[in-house]
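Reading through the structure tokens given below for one structure.
The values are calculated or read from the model by the stated rules, or taken from the named source; none is laboratory data. Remember, it's a predicted structure, so these values are computed and weren't measured experimentally. Here Cβ is always computed from backbone atoms with ideal geometry, including for glycine, and neighbour counts include all displayed protein chains. Surface areas here come from the heavy atoms of the whole protein model, side chains and all, with no ligands, DNA or RNA. Shrake-Rupley method; radii C 1.70, N 1.55, O 1.52, S 1.80 Å.
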Amino acid sequence: VLELLRGMQRGSEDRKRSLSRLRWALQNKETQQKFVRLDGSIRTLIGLFTSSLADMQMESARCLHELSHSSDPAVAEACLPVTSYLLTYLSGHSVEFTELCLYTLGNLVVESEAVRKQLLPQGIIPALASCIQSPHEAVLEGLGYVLSQLLQAKEAPTEIIPLVLDSVLPQHMLRLVCSGLKAGIGAAVEFAWCLHYIVCSHTANAALLALGALPALTSLLLDLASEIPRDAPEGLELLVCPVLRCLSNLLAEETGCEVQIQDERLLIALFLILQCFLQQHPFIAQECLWLLNNLTADEPFFCSALLSLDLLPALLQLLPCSQMASVLVLTVLCNIAEKGPAYCQQLHRQPALPLLLPTLALPHPEVVGQCLELLHLLFLHWPEAAADFVRQGGHQALEQHQSTPELQERARALLDMVGQPLGASAFSPCHAALSAFS
């Protein structure tokens, strides 16, 4: 390592050869740590990084990029003197050079709070904002990477997100996400996650709603669903996931914003996405169900649309997919049943009860508890369902839960209801919109 450093300090041919060898050597964790401990190492590297020779600049940028991959905070902090130059060179002489600077910045902010605290007063947010109208997908993808790392920092809600909101970044991020595949899926994915991290802070949702985030993301989801039956590009699920999460979290806010997207096509899009990704990417089903829950939690429009579009059978088919899917499907059914007798009558007409009986036998108290809540709503609003339930052997299914501590009170209340279908019950249902994964 010392030999390479001396080579970098000698004539131009030695420098270039030594830099090239150093770049490969810095892929090793021990070499990274040894290099930054050598006196003058970072200073020499910065000298070459800021030289007027383009090939020297590029090779030293590659060395700094390798250093930035270190998981050792001491290595990241040794690179503190280079941060102002990295920001300056974001308007670099080539796409590859700008891209290297962006990814180096992104890697450094992950590992070191000290680096983040230095970059903010140095103007990293305005510097990133100046890049967001770049016509180059590689630059946009690198920019999205830096932003996503910054927005995940523990100090992001108080120190970083306010600066981002005061810049032009949010509107351009929304534009680039909603351009979907046209801007390149890599960049769209990065910016979609950036929007997700902003939404999860719960401090910026009003600003995003004012920018038209709900209708814009809804329109994007419709476009993505329309792509699925054709030749969907690889990695599309990586874009669908944060878009679903953003919509779910925006709808979970108590803003009355759900009236802005009363479009039944959104339900069709969700079920198309479910159908496409269920086998290979089952986590997408969970994301779709979170959004479906938040759409149906308060607003009767989507409950009615789900029934009128005959999507209930497709929803019921998801019951056995996983424990979380079961809970979410049952929660959506509770949202529908809560709307009253007409809705419960339609649920009763569908083959819901025969599917609920095996659900009651599952060894998951959370699933069974949600099933009991659904039965309570059905029996309360549509007593014929209680009689039908008893005829199908439901009484015995309920009796087995009388000895389960967290379920026994609800099971006994339901047993009372099936004995006296019109009687009152001890249940107090609550179906609030749920914040998706933060």
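Cβ-Cβ contacts under 7 Å between residues 6 or more apart (or on different chains), taken from a first residue in the range 268-296 that is more than 11 Å from CYS241 (Cβ to Cβ) and in contact (Cβ under 8 Å) with a residue 40 or more places away in the chain to a second residue that is open to solvent by 10 Å² or more (accessible area, probe 1.4 Å) and of a type in the set (Val, Ile, Thr), are listed as LEU272/ILE228; CYS276/ILE228; ASN293/THR331.
It is to be established whether one or more residues within the range 88-97 are buried (at least 22 other Cβ atoms within 10 Å of the Cβ) and either in the same structural domain as LEU165 (by the TED database) or within 25 Å of TRP24 (Cβ to Cβ) (or both). For the range 88-97, residues buried (at least 22 other Cβ atoms within 10 Å of the Cβ) and either in the same structural domain as LEU165 (by the TED database) or within 25 Å of TRP24 (Cβ to Cβ) (or both): absent.
Residues are listed down the side, and each one gets a yes or a no for (1) open to solvent by 50 Å² or more (accessible area, probe 1.4 Å); (2) in contact (Cβ under 8 Å) with a residue 40 or more places away in the chain:
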{"position": "LEU309", "(1), (2)": "yes, yes"}
{"position": "LEU318", "(1), (2)": "no, yes"}
{"position": "SER326", "(1), (2)": "no, yes"}
{"position": "VAL329", "(1), (2)": "no, yes"}
{"position": "LEU333", "(1), (2)": "no, yes"}
{"position": "ALA337", "(1), (2)": "no, yes"}
{"position": "ALA361", "(1), (2)": "yes, no"}
{"position": "VAL367", "(1), (2)": "no, yes"}
{"position": "LEU372", "(1), (2)": "no, yes"}
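If you check LYS182, LYS117 for being over 30 Å from GLU227 (Cα atoms) and assigned to a helix (DSSP H, G or I), only one passes: LYS117.
In summary, helices (runs of 4 or more DSSP H) completely within the range 9-76 and bearing 2 or more residues that are open to solvent by 50 Å² or more (accessible area, probe 1.4 Å) occur at 12-25, 29-37, 54-68. For the range 383-398, the tally of residues that are touching a Leu at 6+ places or on another chain (Cβ under 8 Å), open to solvent by 10 Å² or more (accessible area, probe 1.4 Å) and more than 21 Å from VAL327 (Cα to Cα) stands at 5.
Does at least one position in the range 123-146 carry a residue that is under 14 Å from THR83 (Cβ atoms) and open to solvent by 30 Å² or more (accessible area, probe 1.4 Å)? No, every residue in the range 123-146 fails to be under 14 Å from THR83 (Cβ atoms) and open to solvent by 30 Å² or more (accessible area, probe 1.4 Å).
Tell me, yes or no, whether the range 224-243 has at least one residue that is small (Gly, Ala, Ser), under 22 Å from LEU318 (Cα atoms), open to solvent by less than 10 Å² (accessible area, probe 1.4 Å) and at pLDDT 90 or above. No, the range 224-243 has no match at all.
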